[in-house]
1. Has region 410-425 got at least one residue that is out of contact with any helix residue (DSSP H, G or I) (no Cβ under 9 Å at 6 or more places or on another chain), in contact (Cβ under 8 Å) with a residue 40 or more places away in the chain, in a helix (DSSP H, G or I) and crowded, with 24+ Cβ neighbours inside 10 Å?
2. Assess whether A42 counts as being within 18 Å of the chain's Cα centre (by Cα) and surrounded by fewer than 16 Cβ atoms within 10 Å (Cβ to Cβ).
3. Going through region 1-49 one residue at a time, which ones are of a type outside the set (A, V, I, L, M), touching a Pro at 6+ places or on another chain (Cβ under 9 Å) and in a loop (DSSP other than H, G, I, E, B)?
4. Name the residue, out of V172, V125, V188, V138, that is modelled with pLDDT of 95 or more, touching a Phe, Trp or Tyr at 6+ places or on another chain (Cβ under 9 Å) and within 29 Å of M407 (Cα to Cα).
5. Among the residues of region 238-268, write down those that are buried (at least 17 other Cβ atoms within 10 Å of the Cβ) and in a helix (DSSP H, G or I).
6. From the list G58, G18, which residue is at positive phi and not charged (D, E, K, R)?
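The values are calculated or read from the model by the stated rules, or taken from the named source; none is laboratory data. The shown structure was predicted, so the numbers you read here are calculated from the model rather than taken from an experiment. Every residue, glycine as well, gets a Cβ built from its backbone with ideal geometry; the counts of neighbours run over all protein chains shown.
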Amino acid sequence: MKSSRADIRCDVLVVGAGPAGFGAALAARRNGCDVVLAERLARVGGTLTHGLALTPVGYEPFRHWLAATDPAGWLVQGIARELHDRLLRAGGVCKPVWDPEMYAWLVETMLAEAGVRLLLHAGCVDAVHEGDRVVGAVLALRSGLTTVRADICIDASGDGDLFARAGCAFEVGREADARPQPMTTASVFGNLRLDWGGATTYADMMAWGRDELAIRLTEGRAKGELPPIFVGNLFPYFAGGRIVRSQVWCRMVQSWRNPLDADDATLAEVEGRAQLQTIVAWMRTHLPGFEDAALIQSSMAWPRESRRLRGVATLRETDVAGNVRRDDGIARGACFLEVHSATPGDPEAERGYAWSAAKARFSEDVDYDIAYGCLVPERIDGLLVAGRCLSATHIAHGSARMQATAMALGQAAGTAAALAQQGRVEPRAVDVARLRDRLRHVGARV
């Protein structure tokens, strides 16, 4: 492809400004590299801002989700903990939810403080090669195509946009039929009249939603009055440092369309919004306090899973189930196997992994290592991967795709990219012991 503006040059290029890209760009910059961070959408934050996944999971085992725990004991520390603590001080956290507007602002603030060069509206449309080595990417900007050349590139796009175009081997979905976990359209419903007094805690509100509203929603789905929604929880909305007691947000709408196909992705967006109109009309009739409910906001249809790198190492179900620790571990995983069924129309967990069952480890202590090789392609050089497109099996991916885990993987990838760039070696040749020491030195837990 021919560029329409002058090339950009940097030490490290990061594609994707979600949790993984944020961690990668910040780590590479703090380790002395000139960093460009490119994001195809209009803002940073990934699934939390664009997908309204407002409960970043993975700092600690899921059974502590609503409990008041000491962050010093969390398994994921480093940049992810720093972001949490700054957001908490700014009034942007009410465990387990985060304020998406404050989150996006703080991510941009921290990137600017570090001197990361941020490019929004900059989608990766091609890779630049020198043999089997990636040396940059072609970006589609508002002003046209441009090429960013870098010593080391990091694919934190979530969908593997750069590594797929670079010729890396990858997998999609479950092994039997290549179907990925469904996409989700999240939503905020407002104008509600709920019996939540000033002394009602967030945990009490969630318990009421689970014990009252979720039961009715499940019954409506069983009767065919609602589409095959994922009921889960209805969360009181949180913004501006306070609980918005007249609003709830949820992630009901599921789409089993292919997130990598333009036609399918379009249908997922259109169908999701149509389903939300059906849902809000049903709520007005069937849920107490929702008589005047209005749909306030909806997200884009956000993929849980699409391309997964085929790396030097692969995270497997046995690693998660066995809490496997590794000498080459560069990030910790703490979430249970949250694998939404890839079977169209099935809104529950993947068969055999029911979230309340022991096999899912929903209520157990989960603490495993993710190997550095899960970020390194089998054969392509000049490239690392971070976030939910890491090398993992379909089942193990259900744990490793979480936002806190993605930030930790990003910090590891950004630090490794700096070591490779400054040492003039390929990412696969980075001394993992040195990488682990560098991560520990800045507060990460490996």
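1. Taking region 410-425 first, the residues out of contact with any helix residue (DSSP H, G or I) (no Cβ under 9 Å at 6 or more places or on another chain) are 422, 424.
After this cut, where a residue has to be in contact (Cβ under 8 Å) with a residue 40 or more places away in the chain as well, the list is 422.
Imposing the further condition that a residue be in a helix (DSSP H, G or I) reduces the set to 422.
Keeping just the survivors that are crowded, with 24+ Cβ neighbours inside 10 Å gives none.
No, region 410-425 has no match at all.
2. In short, yes.
3. Within region 1-49, the subset of a type outside the set (A, V, I, L, M) is 2-5, 7, 9-11, 16, 18-19, 21-23, 29-34, 39-40, 43, 45-47, 49.
Restricting the remaining residues to those that are touching a Pro at 6+ places or on another chain (Cβ under 9 Å) gives 19, 45-47, 49.
Matches in region 1-49: G45, G46, T47, T49.
4. Working: V172 fails: touching a Phe, Trp or Tyr at 6+ places or on another chain (Cβ under 9 Å); V125 fails: touching a Phe, Trp or Tyr at 6+ places or on another chain (Cβ under 9 Å); V138 fails: touching a Phe, Trp or Tyr at 6+ places or on another chain (Cβ under 9 Å).
Just a single option satisfies the conditions, and that option is V188.
5. The answer is A265, A268.
6. Working: G18 fails: at positive phi.
None of the others qualify; the one that does is G58.
Rundown of residues vs (1) assigned by TED's automatic domain parsing to the domain that holds A386; (2) touching an Asp or Glu at 6+ places or on another chain (Cβ under 8 Å); (3) of a type outside the set (D, E), yes/no style:
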site: M205; (1), (2), (3): no, no, yes
site: I215; (1), (2), (3): no, no, yes
site: A222; (1), (2), (3): no, no, yes
site: E225; (1), (2), (3): no, no, no
site: A239; (1), (2), (3): no, yes, yes
site: V244; (1), (2), (3): no, no, yes
site: V248; (1), (2), (3): no, no, yes
site: R257; (1), (2), (3): no, yes, yes
site: L287; (1), (2), (3): no, no, yes
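Here's the yes/no breakdown for (1) in contact with a Phe, Trp or Tyr (Cβ under 9 Å, 6 or more places away or on another chain); (2) assigned to a helix (DSSP H, G or I); (3) of a type in the set (V, I, T):
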position: A274; (1), (2), (3): no, yes, no
position: Q277; (1), (2), (3): no, yes, no
position: A281; (1), (2), (3): no, yes, no
position: I296; (1), (2), (3): yes, no, yes
position: R304; (1), (2), (3): no, no, no
position: R308; (1), (2), (3): yes, no, no
